Amino acid sequence: MRILAIDTALEACSASVFDSDDGEIASQTILMARGHAEALIPLVQQVVERSGGFSLIDRIATTVGPGSFTGLRVAISAARAFALALRVPCVGISTLAAIAAPHIDENDGQHVAVAIDARHGNVYFELFSNRGRSIVEASCISLREAARVLGPATVKMAGPAAPLLFNEAKSAGTAGIIVDSSPAPDITWVAQLGLLADPADSPPRPTYLKPADATPQQNGQVARQ
């Protein structure tokens, strides 16, 4: 099976074509905080052309959050459109799971905590067992609460907010090691999780763990908090 995976959930625009037999065929990531909508389609076209064309794609995968409200809409809308045009299944992959996956795959017996900055002292957080089971389900909680639920054992920390979580955990007397603080998940792992996902159980719908950081003003404009 050949899958096209895309991600614009955080501060990167990524696309990959991955084959279940041959592994990664083509992949590209552009780090960016804004401009995902303009960058994604040309990026996908380049990656797919290098891999042999859209006719060879059997499935589409996209990250569905948590992440940027705007970024999530960009990738999910594009993924749905590609799937509709190609008449192939489309699956949604948790951003937190994609970040955790390579560190779970290390099979070293340690749990993996993933943290993404949600602003205002909060993080999008999930704690995974060393076998990939969710111990603390995905939620938007304070850094203090995230550090509290880690427990006494040494935990691997990953995600853009891993340094924030590490410092908070250290202050609370909890042991942890930062294994990855990249600004976005590795698109190769989005693809691999997409191959394993059941389309019936993994719809490409956005995962919002908190309201948007915006409030309407009296003049109809939107103010960012």
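The values are calculated or read from the model by the stated rules, or taken from the named source; none is laboratory data. Computed from a predicted model, the values in this text were never measured in an experiment. All Cβ positions, glycine included, derive from the backbone under ideal geometry; neighbour counts span all protein chains shown. We work out accessible area using only protein heavy atoms, side chains counted, and drop any ligands, DNA or RNA first. Shrake-Rupley method; radii C 1.70, N 1.55, O 1.52, S 1.80 Å.
Brief remarks follow.
- For the range 50-148, a crude dipole built from +1 on the beta carbon of Lys and Arg and -1 on the beta carbon of Asp and Glu, taken about the Cα centre, is about 360 debye to the nearest 20.
- Stretch gain in nm, segment Arg50-Lys170, where the contour uses 0.36 nm per residue and the Cα spacing is subtracted: 38.6 nm
- Gain upon complete extension [Arg205, Arg87; 0.36 nm per residue less C-alpha separation]: 40.7 nm
- Net lengthening on full extension, Ser129/Met1 (0.36 nm per residue, minus Cα-Cα): 43.2 nm
- Accessible surface, 1.4 Å probe, highest first, among residues Glu106, Glu126, Glu38: Glu38, Glu106, Glu126
- Antiparallel bridge percentage (DSSP; both residues within the range 80-225; nearest 5): 70
- The range 1-120: radius of gyration and largest Cα-Cα distance (Dmax), Å: 14.5, 45
- All Cα-Cα distances of the range 100-167, cut into 10 Å bins from zero to the largest, leave 24, 58, 17, 1 percent in each bin in turn.
- Taking the Cα centre of the range 1-87 as origin and assigning +1 to Lys and Arg Cβ atoms and -1 to Asp and Glu Cβ atoms, the resulting dipole is close to 360 debye.
- A Cβ-based charge dipole, computed about the Cα centre of the chain with Lys and Arg at +1 and Asp and Glu at -1, lands at about 700 debye.
- Global size of the chain: 17.7, 57 Å for Rg and Dmax (C-alpha atoms, Rg to one decimal, Dmax whole).
- Selection from Phe125, His111, Ala146, by position along the positive dipole direction of the range 101-166 (Cβ): Ala146
- Residues Ser181 and Glu145, FRET efficiency given R0 of 25 Å [Cβ-Cβ distance, rounded to 0.05]: 0.80
- Modelled FRET efficiency - R0 35 Å, His120 with Asp58, Cβ distances, 0.05 increments: 0.25
- Listed residues Ile135, Ser171, Thr29: farthest to the positive end of the dipole of the chain (Cβ charges): Ser171
- Computed on the range 69-181, with alpha-carbon pairs under 8 angstrom and 6+ residues apart, the relative contact order is 20 percent.
- Classification of the range 69-116 by its C-alpha gyration tensor yields an oblate form. The axis ratio a/c (a ≥ b ≥ c) is 1.5 or more, and b/c is at least a/b.
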